[in-house]
Amino acid sequence: MNSHLPRALGGKIVTRPYKLLVGLFALAMLLIAWRMVAGLGATTAMNDGYPFGLWIAFDVVTGTALACGGYAMAILIYVFNKGKYHPLIRPAILTSALGYSIAGFSVAIDVGRPWLIWRVPVYGWRWNFNSALLEVALCIMAYVVVLWIELAPAFLEKWRNAPKPRLASIVGKTADRLDRLLPWIVALGVLLPTMHQSSLGTMMLLAGDKLHPLWNTPLLPLEFLVGCILMGYGAVTIESCLGSLLFKRRPETAMLAKLSFAAAVTLWLFVLIRLTDLIVRDQTEAMFAGDLYSTMLWLELCLLLIPGIAYFWPGVRTKIRHLFSGAVLVVLAGAIYRFDTYLVGYNPGNNWSYFPAVPEQLVTLGLVAFEVAAYVLIVKRFPILAGHSRAETA
Amino acid sequence: MANVDRSPNLPANGVSRRTFLEICSIAAAAVGLPASAAAKIATLVQAGRKPSVVWLSLAECTGCTESLLRTSMPALDELILDLISLDYHEALMAPSGELAHSSLRQTMEQNAGSFILVVEGAVQTADGGIYCKIGGETALELLREVADAAGVIVAIGSCASWGGIPSADPNPTGAQGVPHVLPGKTVVTIPGCPPNPYNFLGTVLQYATFGTLPTLDGLGRPKFAFARTIHEHCPRRAHFDAGRFVRRFGDEGHQNGWCLYELGCKGPQTYANCPTRKFGEIGAWPIGIGHPCFGCTEQGLAFRVPLFETVEIQRPTPPDTYPSIASDQGGVSPAATAVAGAVAGAAATAAYLASRKLGDLNDDGAGGEE
């Protein structure tokens, strides 16, 4: 493995697609400025019935699940001690760090009084320890910090070779200290998502009768936890495939094929929990009601079952194309599950409805564009992706 | 009555200095004067520089005087007489007849241009004012004469302010309020039937202490007392906003203290500080005891609009406290669906193209090198 240490890709940063991404991000920043001046009512479709919308359902709830690649890989590598996947961890941590940072930023523009959000971590004497929302807020804030510390070696490795000797020595000392600290940071990096990803489920459990019975289950926290690990594997696979495509690297087919086994196990665990829960809670009638809710449920399940069955087909897991398609379906299913729980299955009553307004969508698009642009910039300048990685030899 | 010694004889009245200062504080607070004003009032009163007051009683029932005297604070009636120098008041003064009249003349001469003229009761103007005569003069003549020499004119009660009950239809004696009879002169009006004694006392004490009058509205009413409607600060306002109305006296709502609007409460159109200042100091005011406000301070309401007729809500304030029953419930805009569709379509196309291109890559690692 040591012969395949990560290294910076190099190459030109500002390309035409890069300019497009930056343009989308600039547009999003303008819209965010408008939101700060004119308020949420003027810029979003949120209302008294739906006090949360796309920014929470996608940027935070779905976005952090997509950013769970770092968490899912950490479980595999550090908890199950599968060192062979090590080349996948750094890009996964980078995606996680970017995704969680964007999620935190989205919360900051989504809350009614953004200028007071700093009080959440600071005003410890006012914490309500029974609040799931507080737990999510603190966990996500802490996890963002943990992720960037986990990623810090990538930056320090580059800077310790800096031409200025003074800087290099400071960076070197920091890196050495960080090395000793890293096991604890990694442990925190596994603990924190376990806490807040399940709490994201708890929050909709608190919605009570407003949430449709197909999603309203005491197992919601568990389903969110398993779901985020599943989406994390999917995101890592997609990211690796697109990386191969965009940066013209060798596809990590063999490693991804092995990863897809872990994904398949998680997938079937999720489906099993979901179906068992629905049957035990006697919701078969709602499952086959033929309405919007049952349609959405079967959409989720079918999107999972296709890769769930295909993964056990020998020919499928050896083809990078099928691994990619399977990961896309898994991620899509996980995203729909989360949208269903937060928006589709949520009914505040009396004619309330919600569909994200144009500025809302453009802000989300711009933030995703920023994430992609930042990812490209960092992998080109810092040692993130494993050089000449050939999974077979790992 | 115009005796030389005007210092308050407090011990004789059984009032301690503490109680005396308390009364000064209450009087100062009533008009929103700063706390320091209480000390200043006390100093001025003790120095014997009490404001000289001439009180004219015209077409009235003496209810205003009664309200001033029958307050529940211990010995407040006496303190009112101590805080001001009541030099002429037909109902309260000891002399009568010619002696009383000479007292009036003497006060007017000694305090020309500085004494406070308080008028209680309406001025009857029909037939040259012959329906009310005092000491051989018509009330109209007497009022004009005294007003010319007064420093400030205060019309106490609804009758003096705008005519009150004597001016009720068909008004055979042509009863009018003091401002109507004294055009061009500043007349402070303290309407109410009866008025709150603190509104009067505060106004008078501010003038005596600082030489100024409180801010007045277009009808000469001190804004500290008459700037808001009863409805705005009504203790039953929450019931109005929630739509809980008393339908008849003694019903469930009435027993539970609901809103009296449908019984004809004039609170929404009546400007007065009854809900905050309370009345008669013990909270006994119409709405407080379960009776609709009858609009005693308002010329257009009292003794004109029937007691149980409802009034229009003229100033529905503040609108943002009403429950939002018609707020935007959300919807789907065509532009939003178009953008969402475009983004989803682009993502799906990108995913499909990526999977196609991935299929072209050689899984054995023969894909293009950097």
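Worth a mention:
- Furthest towards positive pole of dipole, A:TYR78, A:LEU182, A:LEU225, structure part the range A:50-348, Cβ charges: A:LEU182
- Near B:GLY295, the amide H atoms lying under 5 Å from its own belong to B:LYS266; only residues 5 or more places off or on other chains count, and H is placed 1.01 Å from N.
- Only Lys, Arg, Asp and Glu carry charge here, each on its Cβ (+1 for the first two, -1 for the last two); on that basis the range B:51-225 has a dipole of about 440 debye about its Cα centre.
- Average Cα contact separation per residue, chain A, under 8 Å, 6 or more apart, as relative contact order %: 35
- Amide H contacts under 5 Å for A:LEU211: A:ASN347, restricted to partners 5 or more places along the chain or on a different chain, H placed in the peptide plane at 1.01 Å from N.
- Considering only B:SER158, A:TRP125, A:THR237, and ranking their Cα positions along the charge dipole of the protein assembly as shown that arises from unit charges at the beta-carbon of Lys, Arg, Asp and Glu, the one farthest toward the positive end is A:THR237.
- Residues whose amide H comes within less than 5 Å of that of B:ALA59, counting only those at least five positions distant or on another chain, are B:ALA122, B:GLN124 (H built at 1.01 Å from N in the peptide plane).
- The ranking of B:SER167, A:SER101, B:SER96 by Cβ neighbour count inside 10 Å, starting from the fewest, reads B:SER96, A:SER101, B:SER167.
- Estimated at 0.36 nm per residue, the fully extended path between B:ARG304 and B:VAL332 surpasses their Cα-Cα distance by 4.7 nm.
- In order along the range A:137-147, the Karplus-derived 3J(HN,Hα) couplings, from 6.51 cos²θ - 1.76 cosθ + 1.60 at θ = phi - 60°, round to 4, 5, 4, 5, 4, 5, 5, 4, 4, 4, 4 Hz, and Gly and Pro are given as x.
- Counting every C-alpha pair in the protein assembly as shown, the share spaced more than 49 angstrom apart comes to 47%.
- Tensor-based shape of the range A:285-394 (alpha-carbon gyration tensor, a/c under 1.5 rounded, otherwise prolate or oblate): oblate
- Per principal axis, descending, Cα span of the range A:1-86 in whole Å: 55, 37, 16
- Summing Cβ point charges (Lys, Arg +1; Asp, Glu -1) relative to the Cα centre of the range B:228-319 gives a dipole of roughly 140 debye.
- For the range A:150-225, averaging the sequence separation of C-alpha pairs within contact (under 8 Å, six or more residues apart) and dividing by the residue count gives a relative contact order of 23 percent.
- When the Cα positions of A:CYS302, A:VAL330, A:PHE261 are compared along the charge dipole of the range A:208-359, A:PHE261 comes out farthest toward the positive end, with charges on each C-beta of Lys, Arg, Asp and Glu.
- Gyration tensor verdict on the range B:228-319 (Cα atoms; rounded if a/c is under 1.5, prolate if a/b is larger than b/c, oblate otherwise): rounded
- Rg and Dmax over the alpha-carbon atoms of the range A:164-222 stand at 21.0, 63 Å.
- Classified by the C-alpha gyration tensor, the range B:121-239 has an oblate form. Its axis ratio a/c, with a ≥ b ≥ c, is 1.5 or above, and a/b does not exceed b/c.
- Phi-based couplings in Hz for the range B:121-138 (Karplus 6.51, -1.76, 1.60; Gly and Pro marked x): x, 7, 9, 8, 10, 5, 6, x, x, 6, 7, 9, 10, 10, x, x, 9, 6
- Phi-based couplings in Hz for the range B:270-275 (Karplus 6.51, -1.76, 1.60; Gly and Pro marked x): 9, 8, 5, 9, 3, x
- DSSP bridge pairs, the protein assembly as shown: antiparallel proportion in percent, nearest 5: 30
- Unpartnered cysteines - no second Cys beta carbon under 4.7 Å - across chain A: A:CYS139, A:CYS241, A:CYS302
- Each eigenvalue of the Cα gyration tensor of the range B:51-225, multiplied by 5 and square-rooted, gives one semi-axis; in descending order these are 22, 19, 16 Å.
- For the range A:109-246, the equivalent ellipsoid built from the Cα gyration tensor has semi-axes of 35, 22, 14 Å, listed from largest to smallest.
- Helix-derived mean residue ellipticity, 222 nm - over the protein assembly as shown, DSSP H n ≥ 4, -39500 (n - 2.57), to 500: -16500 deg cm²/dmol
- For the range B:51-225: relative contact order, % (alpha-carbon pairs under 8 angstrom, 6 or more apart): 22
- Working note: Debye formula, equal point scatterers on the alpha-carbon atoms of the range A:239-341, no solvent; log10 I(q)/I(0) at q = 0.12, 0.21 Å⁻¹ is -0.46, -1.06.
- Taking a point 7 Å from the Cα of A:LYS84 along the Cα-to-Cβ direction, the residues of the range A:301-333 with backbone N closer than 16 Å to it are A:317-319.
- A simple charge model with +1 on the Cβ of Lys and Arg, -1 on the Cβ of Asp and Glu and nothing else charged puts the dipole of chain A at about 2140 debye relative to its Cα centre.
- Per-residue mean of foreign Cβ neighbours for B:335-343 is 4 (Cβ atoms of other chains, 10 Å radius).
Laboratory data are not the source of any read-out in this text; all were calculated from the coordinates shown. No experiment lies behind these values; they were computed from the predicted model shown. Glycine also receives a Cβ, built like all others from the backbone with ideal geometry; neighbour counts cover every protein chain displayed.
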